[in-house]
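Each value in this text was obtained by applying a stated rule to the coordinates, not by laboratory testing. Note that the structure is a prediction, hence the values are computed from the model and not measured. Reconstructed Cβ throughout: ideal geometry from the backbone, glycine too, with neighbour counts over all protein chains shown.
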Amino acid sequence: MRLEAITAKVKPRSGWESLDLGFRMVHQHWLSLYSIWFGLTLPLFLLACWLFNDNIGWVIIGFWWLKPIFETAILNYLSRALFGEFPTLKSTLSTFHRYAFRQWFGNLTWRRFSPTRSMDLPVAQLEGLSGDRRGRRISTLHAFNSSAAVWLTLLFILFQVMFYFNLLALVFWLTPEVYLESILVNEMDLLWAENSIIGQFVQALIMYLIMSFFSPFYVAGGFSIYINQRTILEAWDIELIFKKLSQRVAKNFDYLKSISSAILPIIFACCLISLPPTVEAADDDSSTEISKEESLNTPEKTEIKEQLNKILEAPPFKRTEKSSEVKFEFDLDYETNDSREKENSSSNTSMLGFFGGLAQVAEVFLWLGVGALVIWLVIKIFDLAPAKRAKIKSEKARPDVLFGLDISEQALPEDPSDECLKLWELKEYRRALSLLLRAALIKLIDQHHCQFEDGYTELECARVVKHSSSKSVSEFFDQLIQVWRLFAYAHKLPESSQVALLAEEFKTVFKDADLSDANNHSELNA
């Protein structure tokens, strides 16, 4: 790894500044990153949708589960682009099998739900650590700034859910109101109906595109936090400064060396010319020799040394600090102070370690609680449909009129289906259909405990029936409502065979309900 080739500014950052650096990397290399992602995942996604077209919902779940495998390609590109290498799409895909399946089992099982997964992925892929070495390395990297990786995971989950529901809301918002009423009868059946392959594929494609949009940002954010942690722990910024200084000094030294090699011969020649004539040396007996110690211990040097010592012993070079400490000795054992201090320090360290571990466990359970709360809120939003809200109001009065039809039991004959067929033969079409619909509404209220409110429309009643009764009853009521709406509002007369079929289904559906109610009463009496 050559730090001098790094393309980003190396300095210690906070967690959020690291995320900003990762997002800037995606902004700079977006074309290469998304080309790698779609080139790797799109063919596999389309192939899976074609092979498992009956269960496309499981395809999107499987794709989400395998995301850590595909994200290794993005991390491979970012780790090389940070140091000035820009691999092509072909080279990235050709070497994908070399790094994608490192520790794949752990990445797809217990590590899959780790909130710091984006930050931990480079440890296994780039450093190649596993086991205890990987655990120690991750604990070191998590010493600080790791909360940014947790927030990155939680916020991106929230953003993906919001994007999905906002896109669906946009589709419904742009749909004309004429078609919207029929769509909203069974909106979830429209989206994920078993017989609607196109509807399932569109939903899966929307989810795939949302995950594809956020994946490069998620990987780059975690990678930038990882790089920032190593910058702080290993002092990359200081090392890089020293390398630049050494390069500058080496460059200046080479320059001075070239100049000196040209000037030194000239200086040496001038010195030889300017030397005085030689003088005979004196006799050896009269020469005086001065030892090294005598030359160093001259009076002048001794005086200078004494003055320096006086200066160093005086302020501001010499400082004295006073500290006071109050101790209460209650120790009855005959132990030394050193042993007591060692025991206190060891006990404090153990207590800090215990409470630190307890805090980490509490934080994990706190985030699990937050996730469970979010899931519970989403489920409650779906459950609080008009039918569910009607069930909560169990003591509410039964309406007498629904969309202009009298649903009191006094207005109902003994055999509504036979009476409907008689009226139909007499060409009293409106009375025949309204009778069958009123009888169905009364049966639904009495037998299936459907809670209808005053002012409910046909579609709202159909929605309540769907959530309050069995599938056969719901399908029968949907057909009856459809025939009634076409006749009442579009003035489209149904076929006689269709009316006869509805009358027979009325007997079958509500006869089964009568039998089940009778059995329940007999069991209660027994």
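Taking a sphere under 12 Å around the Cβ of K422 and counting the other residues whose Cβ falls inside, with K and R at +1 and D and E at -1, yields a net charge of -3. What share of Cα pairs, in percent, lie more than 17 angstrom apart in region 417-485? Summing the P(r) tail past 17 Å for region 417-485 gives 42 percent.
Extent of region 3-234 along its three principal axes (Cα atoms, max minus min coordinate, largest first): 65, 33, 33 Å. The distance from the alpha carbon centre of region 435-464 to that of region 130-154 is 57 Å, rounded to a whole number. Using a simple spin-label model with pseudo-atoms 7 Å out from Cα toward Cβ, L486 and E85 lie 6.7 nm apart. Applying the criteria of a DSSP loop state and at most 16 other Cβ atoms within 10 Å to the trypsin sites (Lys or Arg not before Pro) of region 413-446 yields K427. Rounded to 0.05, the FRET efficiency of the L129 and L426 pair, given R0 = 56 Å and the Cβ-Cβ distance, is 0.05. Applying 1/(1 + (r/R0)^6) with R0 = 30 Å to the Cβ-Cβ distance of R137 and V374 gives a FRET efficiency near 0.45.
A Förster distance of 35 Å, applied to the separation of the beta-carbon atoms of T95 and I266, puts the FRET efficiency at 0.05. Which of the GluC sites (Glu not before Pro) found in region 418-507 are loop residues per DSSP with 14 or fewer other Cβ atoms within 10 Å of their Cβ? Hits after loop and neighbour filter: E428, E495.
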